[in-house]
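The values are calculated or read from the model by the stated rules, or taken from the named source; none is laboratory data. If you're wondering where the values come from, they're calculated on a predicted model, not measured in any experiment. All Cβ positions, glycine included, derive from the backbone under ideal geometry; neighbour counts span all protein chains shown.
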């Protein structure tokens, strides 16, 4: 598992560098025969995931079909952290 920040809020040069890193990781994994699964850490889908698809255009990967928020375990985790 390799975490990557897309840096959507950064200046274009920084954002482009993050895109290049993401593409490089996917290309490298694919080149050695690994299956790439992209799991965006999002609370809801609607915008960011389409940007990921655009950035990875032409590369072999799979991406989760839904965000984390529909999962009740996320609520349990947030509550457990808040009550510490």
If I go through the range 1-26 residue by residue, how many of them are part of a helix (DSSP H, G or I) and over 15 Å from the mean Cα position of the chain (by Cα)? 5
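Residues in the range 51-84 that are part of a loop (DSSP other than H, G, I, E, B) and at pLDDT 85 or above: how many?
First pass over the range 51-84, keeping only residues part of a loop (DSSP other than H, G, I, E, B): 56-61, 64-71, 83-84.
Cutting the leftovers down to at pLDDT 85 or above gives us 56-61, 83-84.
Number satisfying all stated conditions: 8.
Go through the residues of the range 37-48 one by one and say whether even a single one is more than 30 Å from residue 75 (Cβ to Cβ), touching a helix residue (DSSP H, G or I) at 6+ places or on another chain (Cβ under 7 Å), surrounded by 13 or more Cβ atoms within 10 Å (Cβ to Cβ) and in contact (Cβ under 8 Å) with a residue 12 or more places away in the chain.
Scanning the range 37-48 turns up no residue that is more than 30 Å from residue 75 (Cβ to Cβ), touching a helix residue (DSSP H, G or I) at 6+ places or on another chain (Cβ under 7 Å), surrounded by 13 or more Cβ atoms within 10 Å (Cβ to Cβ) and in contact (Cβ under 8 Å) with a residue 12 or more places away in the chain.
Before we move on, is residue 2 surrounded by fewer than 11 Cβ atoms within 10 Å (Cβ to Cβ) and touching a helix residue (DSSP H, G or I) at 6+ places or on another chain (Cβ under 7 Å)? It would help to see each step written out before you state the result.
On the way: surrounded by fewer than 11 Cβ atoms within 10 Å (Cβ to Cβ): yes; touching a helix residue (DSSP H, G or I) at 6+ places or on another chain (Cβ under 7 Å): yes.
When the stated conditions are applied, residue 2 passes them.
Which one of these is within 13 Å of residue 2 (Cα to Cα), at pLDDT below 95 and under 12 Å from the mean Cα position of the chain (by Cα): 48, 41?
Working: 48 fails: within 13 Å of residue 2 (Cα to Cα).
The conditions single out 41.
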Per the filter on the range 26-36, residues out of contact with any helix residue (DSSP H, G or I) (no Cβ under 8 Å at 6 or more places or on another chain) and either touching a residue at least 60 places away in the same chain (Cβ under 8 Å) or crowded, with 16+ Cβ neighbours inside 10 Å (or both) are 26, 29
